[in-house]
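Reviewing the structure listed below.
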Amino acid sequence: MFGYIIWDVNPEIFSIGSFSIRWYGLLFASGFLVGQRIMTHVFRKEGIKETLLDSLLLTMVIATVLGARFGHFLFYEPEVLLKNPLQVITPPFAGLASHGAAIGILLGLFIYARNKKMSFLWVCDRIVIVVALAGCFIRLGNLMNSEIVGKVTDVPWAFVFTRNYEFTQYPRHPAQLYEAIACLVLCFILFRLWSQRKSQTPQGMLVGIFLIWVFGLRFVIEFFKENQVAFENELAYNMGQILSIPVVLLGVIFLIYALKNKDKKQVTFTDSAAEEANRAESQVAKS
């Protein structure tokens, strides 16, 4: 095993009795906290009230966790969902599916945008910047847990996951790192694209790029990963790849829409919300 990376990291940072703090939980929470700071910067630069951020953060937390949990059981363990549906919302929260999280986030943002009378695509285009960063943190959390390991390989950067007793014998692709790096690069790209045009960013462009990039690469990286559940061994493509195809197509639709409407005026709030704001400004001016 000379030249390979021996990965023997303890997934727990520290523990007191039965209570423990794990790297995965810390990184998962950090994604939201750092994301909040980035979105504060975005809102300030575009002149949007920062009071809208608290409800956006709450929406993201609920939508991400519920979507990821429900998606895991629906796509990978449907029998558990049928027998004990409450397991979706009860700890320990073992099992999170990124495809389910994507669906949950889109639904959550649709409700949020409608409630705040904001443009759904405007919100999505900004939030994917921080979602990409959160995706990096989550995959690093998977690495700290020695889970979602890659297939056996002889590449010099292969990892030997000594704490994963099922896959401890041979060096393997660090698939978690592949996805973490891809998400980090995407975060910088999306932030750069937004910073160039800010409020004039064609609506749907950033979310389209996000979906194509994340789930297109997910389809490719799955070839280097071990299947997560046994039934996938009988499939030509595993569940992660099958689910990625429609998400990539959705991203293409968003991107085509953005390119077709790039010359149109970009709006942040719906017409009704804009009219209310104008009326409020008029009343202040008269007084």
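The values are calculated or read from the model by the stated rules, or taken from the named source; none is laboratory data. Just so it is clear, the structure is predicted and the values come from calculations on it, not from any experiment. Quick reminder, even Gly has a Cβ in these numbers, built from the backbone with ideal geometry, and neighbours come from all protein chains shown. Surface areas here come from the heavy atoms of the whole protein model, side chains and all, with no ligands, DNA or RNA. Shrake-Rupley method; radii C 1.70, N 1.55, O 1.52, S 1.80 Å.
Could you work out [θ]222 nm for the chain from helices alone, using -39500 (n - 2.57) per DSSP H run of at least four and dividing by all its residues? Round to the nearest 500 deg cm²/dmol. Walk me through the numbers before you get to the answer.
Values: 9 runs with 175 residues, N = 287.
Mean residue ellipticity at 222 nm (helix-derived): -21000 deg cm²/dmol.
Largest first, what is the accessible-area ranking of 73, 188 with a 1.4 Å probe?
Working: 73 5, 188 140 Å².
Largest accessible area first, the list is 188, 73.
If the chain between residue 163 and residue 263 were fully stretched, how many nm would it gain, using 0.36 nm times the residue separation less the Cα-Cα distance? Present the calculation step by step, with values, prior to reporting the outcome.
Working: separation 100, 0.36 × 100 = 36.00 nm, distance 5.39 nm.
Full extension from residue 163 to residue 263 adds 30.6 nm.
Classify the chain: rounded, prolate or oblate, from the alpha-carbon gyration tensor (a ≥ b ≥ c, eigenvalue square roots; a/c under 1.5 rounded; otherwise prolate if a/b is larger than b/c)? Don't jump to the answer; show the numbers that get you there.
On the way: a/c = 2.01, a/b = 1.83, b/c = 1.10.
Prolate is the answer for the chain, as a/c is 1.5 or above and a/b outweighs b/c.
Sort by residue number and report every cysteine in the chain with no other cysteine beta carbon within a distance under 4.7 Å.
Cys with no partner Cβ under 4.7 Å: 124, 187.
In nm², what is the average projected area of the convex hull enclosing the Cα atoms of segment 1-76? Before the final figure, lay out the partial values.
Working: hull surface 38.6 nm².
Mean orientational projected area (segment 1-76, Cα hull): 9.7 nm².
Keeping every protein chain present and rolling a 1.4 Å probe, give me the accessible area per residue for the chain in Å².
Working: 15680 Å² over 287 residues.
With the other protein chains kept in place, the chain gives 55 Å² per residue.
What is the angle, in °, between the Cα long axis of helix 52-75 and the longest principal axis of the Cα atoms in the chain? Nearest 10 is fine, range 0 to 90.
Long axis of 52-75 versus the principal axis of the chain: about 40 degrees.
Counting only residues 5 or more places away or on other chains, whose amide H sits under 5 Å from the amide H of residue 225 once H atoms are built in the peptide plane?
Here the answer is 151, since their amide H atoms fall under 5 Å of that of residue 225.
Could you tell me what percent of the accessible area of the chain is made up of carbon and sulfur, with a 1.4 Å probe and every protein chain present? Walk me through the numbers on the way to the answer.
On the way: 10230 of 15680 Å².
Ligands and nucleic acids excluded, carbon and sulfur reach 65 percent.
Between segment 148-162 and segment 1-50, what is the C-alpha centre distance in whole Å?
Each part reduced to its Cα centre gives a spacing of 23 Å.
Starting from the Cα of residue 79, step 7 Å along the direction of its Cβ; do the same at residue 26; then give the gap between the two resulting points in nm.
Between residue 79 and residue 26, the label points sit 3.8 nm apart.
For segment 186-203, take each phi angle, set θ = phi - 60°, evaluate the Karplus expression 6.51 cos²θ - 1.76 cosθ + 1.60, and give the result in whole Hz per residue in order, putting x for glycine and proline.
4, 4, 5, 5, 5, 5, 5, 4, 5, 5, 6, 10, 6, 5, 8, 4, x, 5
How many percent of DSSP beta bridges within the chain run antiparallel, rounded to 5?
75 percent
Net charge near residue 134: determine it from the other residues with C-beta under 14 Å of the C-beta of residue 134, scoring Lys and Arg +1 and Asp and Glu -1. Present the calculation step by step, with values, prior to reporting the outcome.
Details: positive: 37, 126, 139; negative: 179.
Taking every Cβ under 14 Å from that of residue 134, the sum is +2.
Using only the Cα atoms of segment 43-132, what semi-axes does the equivalent ellipsoid have when each is the square root of 5 times a gyration tensor eigenvalue? Give whole Å, largest first. Walk me through the numbers on the way to the answer.
On the way: eigenvalues 170, 27, 23 Å².
Semi-axes (√(5λ), whole Å): 29, 12, 11.
Just read off the accessible area of residue 154 with the full protein assembly in place, 1.4 Å probe, to the nearest 10 Å².
The accessible area comes out at roughly 120 Å².
Given the C-alpha centroids of segment 66-140 and segment 183-226, what is the distance between them in whole angstrom?
What the calculation gives is 17 Å, centre to centre.
Within a Cβ distance under 13 Å of residue 125, other residues only, what is the Lys/Arg minus Asp/Glu net charge? Please report the intermediate quantities before stating the final value.
On the way: positive: 126, 197, 198, 262; negative: 46.
Summing Lys and Arg as +1 and Asp and Glu as -1 gives +3.
Within segment 46-62, what residues put their amide N at less than 17 Å from the label point 7 Å along the Cα-to-Cβ vector of residue 33?
57-58, 61
If I stretch the segment between residue 185 and residue 237 completely, what's the gain in nm (0.36 nm per residue apart, minus their alpha carbon distance), one decimal?
Working: separation 52, 0.36 × 52 = 18.72 nm, distance 2.61 nm.
Extra length available between residue 185 and residue 237 comes to 16.1 nm.
In whole Hz and in residue order, list the ³J(HN,Hα) couplings for segment 123-137 that follow from phi through the Karplus curve 6.51 cos²θ - 1.76 cosθ + 1.60, θ = phi - 60°; x for Gly and Pro.
Values, residue by residue: 4, 4, 4, 7, 5, 5, 4, 7, 5, 4, 5, 4, x, 4, 4 Hz.
Could you work out the Rg to Rh ratio of segment 2-46, with Rh taken as the Kirkwood radius (inverse of the mean 1/r over all Cα pairs)?
1.26
Pull up the cross-link candidates among the lysines for residue 225, meaning alpha carbon to alpha carbon under 20 Å and not fewer than 8 places away within one chain.
Reachable lysines: 151.
Roughly how tilted is helix 239-260, in degrees to the nearest 10 and between 0 and 90, from the longest Cα axis of the chain?
20 degrees
From the square roots a ≥ b ≥ c of the eigenvalues of the alpha-carbon gyration tensor of segment 88-213, which class results: rounded (a/c under 1.5), prolate (a/b over b/c), or oblate?
Working: a/c = 3.74, a/b = 1.78, b/c = 2.09.
Taking the square roots of the gyration eigenvalues as a ≥ b ≥ c, segment 88-213 is oblate.
Between residue 53 and residue 154, how high is the FRET efficiency from 1/(1 + (r/R0)^6) when r is the Cβ-Cβ distance and R₀ = 35 Å? Nearest 0.05. Please list the in-between numbers first.
Numbers: r = 48 Å, r/R0 = 1.37.
E(calc), rounded to 0.05, equals 0.15.
Let's see if you can work this out: charge +1 on each Lys and Arg Cβ, -1 on each Asp and Glu Cβ, no other charges. What is the dipole magnitude of the chain about its Cα centre, in debye to the nearest 20?
Numbers: 26 positive and 21 negative charges, 241 e Å.
Charge dipole of the chain: 1160 debye, to the nearest 20.
With every protein chain present, what accessible area does residue 66 have (1.4 Å probe, heavy atoms only), rounded to the nearest 10 Å²?
80 Å²
Just subtract the alpha-carbon distance of residue 62 and residue 170 from 0.36 nm times their residue separation and send over the number in nm, one decimal.
Values: separation 108, 0.36 × 108 = 38.88 nm, distance 3.83 nm.
Full extension of this stretch gives 35.1 nm more.
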